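J.: Sharing a structure, written as structure tokens. Questions coming.
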Amino acid sequence: MRALTGERLNSEETFIAHPDGKMIVALMSSAPLRVHPIQGAPKEIAIVFQDITVQKTLEQHKNEFFSVINHELRTPLTIIQGYAEMLRLHAEQDELFDPFITTAVTNITEQSDQLCRLIEDMLNISRIEHAQFVMQCAPHNLLHTIIHVVENQAAISKRTIALELDGLQKTDKLMANFDEERIIQVLHNLINNAIKYSSPDKHIDVCVCYTPMRKQSVLIQVKDQGIGIAESELPHIFKRFHRAHQLAASISGFGIGLYLAKEIIVRHGGHIWVESKEGVGSTFSIEFPLDTQ
Ligand code: ADP
């Protein structure tokens with residue numbers, strides 16, 4: 001096997017030419033084995049090449065699949081949403097309108113919105129893959145955005161989602177430079193997971209902590225009392241397409257929400273992490289930079 005110089009995909013993945021002439025994708029990992037006792041420089045290094053061609057091919061198929069479903073699903077969905085909106089307006093104007101129709105229209109709108117978000121998440125995966133994931137940042141009141149998402153999610157899910165403010169009033173401003181649509185998507189994903197992975201009788205808390213100690217940033221936490229995450233899964237849950245192994249088949253998902261959340265938060269200069277205990281619950285935390293001028 002001969003490594004081709006300069007043919008790097010990124011710092012870990014490399015193209016390698018197999019003796020039969022085929023190119024394979026390899027994951028290259030290295031670690032120093034012995035270090036010079038005085039200079040501290042490595043004297044021996046172990047380098048391991050792992051053939052990940054099959055995984056990369058599968059990933060490529062998934063991305064192609066995403067772009068096809070985007071085109072095939074988006075158009076009919078836009079039409080469904082348009083008709084649902086027209087029906088809603090019609091229902092508001094017609095006094096004799098059947099309340100069942102209003103409920104049905106609300107459900108159609110909510111479910112098609114959910115589908116739109118899923119398509120958008122899938123598209124974002126391809127955009128990241130092709131380095132086309134661009135942020136449209138502008139100054140916004142982050143507290144206003146958080147309150148909006150919490151109230152919206154509580155209304156849609158009919159779950160109790162408590163908003164806890166530490167060092168803040170609801171009317172305060174937390175100015176930050178961010179892509180509002182994408183931050184809404186992150187908050188939405190975290191709250192939606194808290195709803196999905198906990199039983200309806202358990203409450204969910206969204207905490208926003210702004211103490212004088214952390215003038216440059218704010219801490220946002222989404223806490224649930226749900227199924228929790230096994231310790232062995234914790235290092236993997238922000239990875240693309242990863243879903244915990246112990247999950248019941250009835251809980252649907254694609255394993256892309258947290259991956260996207262991390263990409264978005266890191267691209268804003270923030271951090272995201274999780275603390276969780278199986279059977280007790282999970283807390284997802286975001287440290288988000290604020291505009292300090
Ligand atoms: P999805 O929920 O669609 O599977 P995510 O990327 O949002 O994808 O989450 C990845 C995985 O992390 C989930 O499949 C689940 O195993 C775990 N997870 C995420 N949020 C929670 C939570 N609040 N409680 C328990 N497990 C969670």
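We did not get these values from a lab; they are worked out from the coordinates using the rules stated. For clarity, every value in this text was computed on a predicted model and none was experimentally measured. Because the Cβ atoms are built from the backbone with ideal geometry, glycine has one as well, and the counts that use them run over all protein chains shown.
J.: Stretched out fully, how many nm does the piece from ASP98 to ALA131 gain, at 0.36 nm a residue minus the Cα gap?
T.: 7.0 nm
J.: Please give me, ordered by residue number, the GluC sites (Glu not before Pro) of the range 227-278 that lie in loop per DSSP and have at most 15 other Cβ atoms within 10 Å.
T.: GLU231, GLU278
J.: Would you be so kind as to identify which of SER232, VAL68, ILE45 lies farthest towards the positive end of the dipole of the chain, taking Lys and Arg as +1 and Asp and Glu as -1 on Cβ and the Cα centre as origin?
T.: Positive-end residue among those listed: ILE45.
J.: Using just the C-alpha positions of the range 167-209 as equal point scatterers, what log10 of I(q)/I(0) does the Debye formula give at each q in 0.28, 0.33 1/Å?
T.: The calculated log intensity ratios at q = 0.28, 0.33 Å⁻¹ are -1.04, -1.12.
J.: Okay, next question. Go ahead and run the numbers for FRET between SER67 and THR283, Cβ-Cβ distance against an R0 of 35 Å, rounding to 0.05.
T.: 0.50
J.: Percent antiparallel among DSSP beta bridges with both residues in the chain, to the nearest 5? Mind dumping the intermediate values first?
T.: Numbers: 40 of 46 bridges.
Roughly 85 percent of the beta bridges in the chain run antiparallel, per DSSP.
J.: Which percent of Cα pairs goes in each bin when the distances of the chain are cut into 5 angstrom slices starting at zero?
T.: For the chain, the binned pair fractions read 1, 4, 9, 12, 13, 14, 13, 11, 9, 6, 4, 2, 1, 1, 0, 0, 0, 0 percent.
J.: I'd like to compare 76-87, 114-125: which one has the highest average count of other Cβ atoms within 10 Å, and what's the full order after that?
T.: The most tightly packed comes first, giving 114-125, 76-87.
J.: What FRET efficiency would be calculated for the residue pair HIS144, GLN111, taking the C-beta separation as r and a Förster radius of 45 Å, to the nearest 0.05?
T.: Result of the calculation: an efficiency of 0.95.
J.: Taking 0.36 nm per intervening residue step and subtracting the Cα-Cα distance, what contour gain separates SER29 from GLN216 on full extension? Intermediate values should be presented prior to the final figure.
T.: Values: separation 187, 0.36 × 187 = 67.32 nm, distance 3.64 nm.
Net length gain for the segment: 63.7 nm.
J.: Defining a contact as two alpha carbons under 8 Å apart and six or more residues distant in sequence, what relative contact order in percent does the range 159-237 show? Show your work: numbers first, answer last.
T.: On the way: 83 pairs, mean separation 28.9, N = 79.
This gives 37 percent for the range 159-237.
J.: Hey, another quick one. Over the chain, what is the relative contact order in percent, taking alpha-carbon pairs closer than 8 angstrom and at least six residues apart?
T.: 12 percent
J.: For the chain, find the longest principal axis of its Cα atoms and tell me its angle to the long axis of helix 180-196, 0 to 90°, nearest 10.
T.: That works out to roughly 80 degrees.
J.: Which whole-angstrom value gives the distance between the alpha carbon centres of the range 89-138 and the range 225-293?
T.: 23 Å
J.: Also: Counting helices only, and only those DSSP H runs with n ≥ 4, report the 222 nm mean residue ellipticity of the chain as the sum of -39,500 (n - 2.57) divided by its residues, in deg cm²/dmol to the nearest 500.
T.: Details: 5 runs with 116 residues, N = 293.
Estimated from H runs of four or more residues: -14000 deg cm²/dmol.
J.: Just to be sure I understand the model, the point goes 7 Å from the Cα along the line to the Cβ. What's the resulting GLU12 to ALA162 distance in nm?
T.: Between GLU12 and ALA162, the label points sit 3.9 nm apart.
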